[in-house]
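Undergrad: What follows is a single structure, and I will ask about it in a moment.
The values are calculated or read from the model by the stated rules, or taken from the named source; none is laboratory data. Nothing here was measured: the structure is a model prediction, and the numbers come from that model. Note that we place each Cβ from the backbone using ideal geometry, even for glycine, and neighbour counts take in every protein chain shown. Areas reflect the complete protein model, heavy atoms only, side chains present, ligands, DNA and RNA absent. Shrake-Rupley method; radii C 1.70, N 1.55, O 1.52, S 1.80 Å.
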Amino acid sequence: MLRCLAIDDEPLALRQLRNYIAKIPYLELAGCCNNALEAQEFLAARSVDLIFADINMPDLSGVEFVRALPQRPMVIFTTAYSEYAVEGFRLDAVDYLLKPFSFADFSRSAAKANSLHELLLNQREPGEPLAEATPRDQEYLSIKADYKVSLVRISEIVYLESEGEYVRLHLADRTTITTLFRLKNMEAALPAASFMRVHRSYIVNLQRIKGFVKGRIFLSDDEYVPIGENYRDAFQEYIDTHYRNL
């Protein structure tokens, strides 16, 4: 059973959270708060396993509230503003619910939290306190596309392709996600140790490279991206540093 705290300054939104929590057997509502300051007082006297927190609240935002917690339980952010998604996941949020969300959306997020909770319980030694989750900003990107925010595991990105004002992410399962984003901004968000700009229009996951010839990097037997003239030296230096030539 996960003890939950619901925080939202909108009465109707708080009522919805309370009703949704009541419908899921493994969730237990420990309390409801109308703002982050009230939630701080609540947590000073009680502990919970999971917090559903609105982000855009007066006095103290949900992000500021979570960042200030000395001991951080699992958090699922709820908000009408998708631009806060990246900041939310930098705070190790389990999920991010974009308002208005349905019970099906809520249920999926709750299931993620429950699975993570069970995983951490199974990994710890008897008597050992529950460990914190691995920072999700090192594992996932949140991508706004097709009127929703999608969570993309960074390791599953094979390469990225610029299409004007858009970027297309090519994933390991051969699906793609297209989002309104500049490639240079995406490059800054990706771990530099794993991704490299090899062309003005392409970034590749270095762990997904299958081979290369002059001017081309193969990511599978039938899929390749070009190497730009201005990027060839940097790519060759990477190959020379990380691979032994036979």
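Undergrad: Arranged from highest to lowest average of other beta-carbon atoms within 10 Å per residue, in what order do the peptides 215-222, 237-244 appear?
TA: 215-222, 237-244
Undergrad: Just to be sure I understand, if you calculate mean projected area of the Cα convex hull in nm² for this structure, which of (1) 15.2; (2) 16.7; (3) 13.8 do you get?
TA: (2)
Undergrad: Another one. Near the amide H of Ile217, under 5 Å away, which other amide H atoms are found, from residues 5 or more places off or on another chain, if H is placed in the peptide plane?
TA: The answer is Val225, Ile227.
Undergrad: Which order do Thr175, Thr79 take by accessible area at a 1.4 Å probe, largest first?
TA: The most accessible residue leads, giving Thr175, Thr79.
Undergrad: For a quick check: with amide H placed at 1.01 Å from N, whose amide H comes under 5 Å from Leu2's, ignoring anything fewer than 5 positions away on the same chain?
TA: Under 5 Å from the amide H of Leu2: Leu27, Glu28.
Undergrad: I would also like to ask the following. A 31 angstrom limit on the alpha carbon distance is what I want to check against. Which of Lys148/Lys214; Lys144/Lys214; Lys112/Lys210; Lys99/Lys184 exceed it?
TA: Too far apart for the 31 Å limit: Lys148/Lys214; Lys144/Lys214; Lys112/Lys210.
Undergrad: Let me ask something else about it. Rounded if a/c is under 1.5, else prolate if a/b beats b/c, else oblate: with a ≥ b ≥ c from the C-alpha gyration tensor eigenvalues square-rooted, which is region 166-234?
TA: oblate
Undergrad: If you roll a 1.4 angstrom probe over the protein chains with everything in place, what fraction of the accessible area of the chain belongs to carbon and sulfur, to the nearest %?
TA: Working: 6600 of 14040 Å².
Using a 1.4 Å probe with all protein chains present, the chain comes out at 47 percent carbon and sulfur.
Undergrad: Quick check: pseudo-label points 7 Å beyond the Cα along Cα→Cβ at Ala68 and Glu187, how many nm apart are they?
TA: Each label point lies 7 Å from its Cα, and together they span 3.9 nm.
Undergrad: Just the number, please: percent antiparallel of the DSSP beta bridges in the chain, rounded to the nearest 5.
TA: Given both bridge residues lie in the chain, the antiparallel proportion sits at roughly 60 percent.
Undergrad: I'd like to compare 230-236, 50-56: which one has the highest average count of other Cβ atoms within 10 Å, and what's the full order after that?
TA: Sorting 230-236, 50-56 by mean packing, highest first, produces 50-56, 230-236.
Undergrad: If you don't mind, there's one more thing I want to ask. Can you run phi through the Karplus equation (6.51, -1.76, 1.60; θ = phi - 60°) for region 178-186 and list ³J(HN,Hα) in whole Hz, with x for Gly and Pro?
TA: 10, 9, 7, 6, 8, 4, 5, 6, 5
Undergrad: In addition: How high is the relative contact order of the chain, in percent, with contacts defined as C-alpha pairs under 8 Å that are six or more residues apart?
TA: Averaging sequence separation for qualifying contacts and normalising by length gives 10 percent for the chain.
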